[in-house]
Amino acid sequence: MDSDSEHTSRPLVRIRLSPIVAAAADELAEAGVASPRVDAELIAAHVLEVSRGRLALIESLRPDQLRRFTALVGERARRIPLQHLLGTAAFRHLELAVGDGVFVPRPETELLAGWGIERTPPGGVVVDLCSGTGAIALSVADESKAARVIAVERSPVALDYLRRNAIPFPSVEVVEGDVTDPALLTAEHGVVDVLLCNPPYVPDGTEVPPEVADHDPAEAVFGGADGLEVIRPVIALAAALLKSGGFVGIEHDDVHGDAVPSLLRADGRFGEVTAHQDLTGRPRFATARRT
């Protein structure tokens, strides 16, 4: 028998999927990963090129798939963000490209995006400050069919991801700029319907998980000694950009449940100031309407 015939006659080795995923979940739990079972299943789905919901229909892995799965689980156990390993982050109805140098969008920010989408009029103008991957801006473009969305970001690395993610959305204009610059978007003063912002807001010195400390850019996470260093100028910029009756929504740290609404009221150009909680009941974003 020749070597080719001998090779094709060998039975294909398969490894049962269920115990492998269970063992991976235990490994991730020991490493301190917050959602070990979910992460193990998402990695398995990524390796098998199926949705997580279809894992129950798959009984086994090939040896090459097992090697890849084991390697990715090992990296996750070293607290490399899951989204970096998968290359994408899910946000509302989108899959966004992510990686080193750009802030990974969080599920809680979906609430702010949804609030803004509900208030975007047909053909309206929406501004997303500190856009990062473009999660908020692109969700608005995807779901509200707004005539114009402006996504503002200053980080060159984040801008690369933002531009890549924005390719399917021609209504989104990407602007390189610093949201603390009062001259930003001067041509848009008084014409914006909705302004949304997920700024850096964690107070300096706050302990954060390894995924954040080692992989999210610090300039996208920390907002000065009190965490409000960027939020203050954003409020002033929002007042300049919004038309009368326009809406502003700003995400903040859970220690800012009173501080950000107070800043909005103190500005004197906003009414209907409202504090919002995330799905865990923590203060998460504040909204207001331009008077």
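Every read-out reported here was derived from the displayed coordinates using simple, explicitly stated rules and does not represent laboratory data. Quick caveat: nothing in here was measured; it's all calculated off a predicted structure. Here the Cβ is made from the backbone with ideal geometry for all residues, glycine too, and neighbour counts use every protein chain on show.
The table below gives the values:
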quantity	calculated
DSSP bridge orientation in the chain - percent antiparallel, rounded to nearest 5	45
Mean ellipticity per residue at 222 nm, deg cm²/dmol - from DSSP H runs of n ≥ 4 across the chain, formula -39500 (n - 2.57)	-11000 deg cm²/dmol
Between 0 and 90°, nearest 10: helix 63-77 axis offset from the chain longest Cα axis	40
Extension gain, GLU173 back to GLU30 (0.36 nm per residue minus Cα-Cα distance, nm)	47.1 nm
Computed label-point distance, nm, for sites VAL191 and VAL208 using a 7 Å Cα→Cβ extension	3.5
Whole-number percent relative contact order across the range 89-290, with pairs defined as alpha carbons under 8 Å at least 6 apart	19
Given the chain, longest segment not containing exposed loop GluC sites (Glu not before Pro) (DSSP; at most 11 other Cβ within 10 Å)	60-206
The chain - charge dipole about Cα centre, Lys and Arg +1 at Cβ, Asp and Glu -1, debye rounded to 20	740
Residues in the range 18-35 reached by a label modelled at GLU59 [backbone nitrogen below 16 Å; 7 Å Cα→Cβ]	18-20
Radius 10 Å from Cβ of ARG62, net charge of other residues (Lys, Arg +1; Asp, Glu -1)	+2
Trypsin sites (Lys or Arg not before Pro) within the range 58-137: DSSP coil, no more than 14 neighbouring Cβ in 10 Å	ARG78
Dipole of the chain [Lys/Arg +1, Asp/Glu -1 at C-beta], most positive-end residue of VAL149, LEU28, PRO200	VAL149
Options ALA135, SER244, PRO19, ranked by Cα towards positive dipole end of the chain, top entry (Cβ charges)	SER244
Table column - 3J(HN,Hα) (Hz), the range 241-249, Karplus curve with 6.51, -1.76, 1.60, x for Gly and Pro	7, 6, 6, 4, x, x, 10, 10, x
Other-chain or far-sequence residues with amide H under 5 Å of ALA151's (modelled H)	ASP128, GLU173, VAL174, VAL175
Folded to 0 to 90 degrees: helix 36-48 orientation relative to the chain principal axis, Cα	70
